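Worksheet: the structure to be examined is printed underneath.
The values are calculated or read from the model by the stated rules, or taken from the named source; none is laboratory data. What you see is a predicted model; the values in this text were computed from it and never measured. Neighbour counts run over all protein chains shown; Cβ positions are idealised from the backbone, glycine included. Calculation scope for accessible area: heavy atoms of the full protein, side chains included, ligands and nucleic acids excluded. Shrake-Rupley method; radii C 1.70, N 1.55, O 1.52, S 1.80 Å.
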Amino acid sequence: MYTKRDMEFLQQPGGAWILHSMFRAKKQYLALLQYQDNLTADHIANAFHTLNLQAIGDTMSEDVKRRLYLGASITTAVLGAITFTGVGTVIALIAAVVAPLLIWFAIKSKRDFLGAMVNFTSTNLLCQNFTSKNGDLHMHAGKMEEFPKTTSSGVSAKEVTLKAMNNGSDDEGNIVELVYVAQFYAIKKTGFFGAEGTFALRPLDKSGPILTSLFASPINTSVVYM
């Protein structure tokens, strides 16, 4: 989870290349964090601040939002949520995020595809039945190794792919918008082709509009169309 202003560069020309650089920086920083000993909540909170990261995982994200709603600053909310979630749990979540990044950068395979999606809308988005052959995710070649899945906020929680934007407050008390970021990772299987596929994101409990994304990572280049 990030503030919207920290992710708005993705809406500009060249944003995808900036994101690629950001992935690399995050991979290096989080990998170092993952293998340090005797980490405290303060250490992790400082790392999150450096990366402009507000939360990782559902439990921490919900606790950060709760604390922001009660009037805590972002810094205080993040530190409190890390303590609430547990340092060990947060480090395990970091490891889960870093793993595909490490594999992707280490192997440097031009046939795999590592992508990210950000929800800048006020609507929960769902890739319906993405594990089913008749669902909203179709792989023309390769295999989807990692794809986001979470639940919406509230009492009547439902499965979603990306949660809607939320509001919080920064350290000066100004209202800020919080957005959710998720990554997906497709790998090549046996055969000549790389990882190619398409998926749709539809508004939860609404008929449309539906966003469709086509991604491909053949041997010589990688492309994505929205």
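In summary, Asp170 fulfils each of the numbered conditions (1) open to solvent by less than 40 Å² (accessible area, probe 1.4 Å); (2) modelled with pLDDT of 75 or more; (3) within 22 Å of Lys4 (Cβ to Cβ) with the single exception of condition (2).
Has the range 74-86 got at least one residue that is among the hydroxyl-bearing types (Ser, Thr, Tyr), surrounded by 15 or more Cβ atoms within 10 Å (Cβ to Cβ) and at pLDDT below 80? Among the residues of the range 74-86, not one is among the hydroxyl-bearing types (Ser, Thr, Tyr), surrounded by 15 or more Cβ atoms within 10 Å (Cβ to Cβ) and at pLDDT below 80, which makes the answer no. Of all the numbered requirements in (1) farther than 17 Å from Thr76 by Cβ; (2) outside any loop (DSSP other than H, G, I, E, B), Val176 misses one, and that requirement is (1).
Of the residues making up the range 209-220, at least one is modelled with pLDDT under 80 and in a strand (DSSP E or B).
Just one residue in the set Val181, Val176 is open to solvent by 30 Å² or more (accessible area, probe 1.4 Å), at pLDDT 75 or above and of a type outside the set (Asp, Glu); that residue is Val181.
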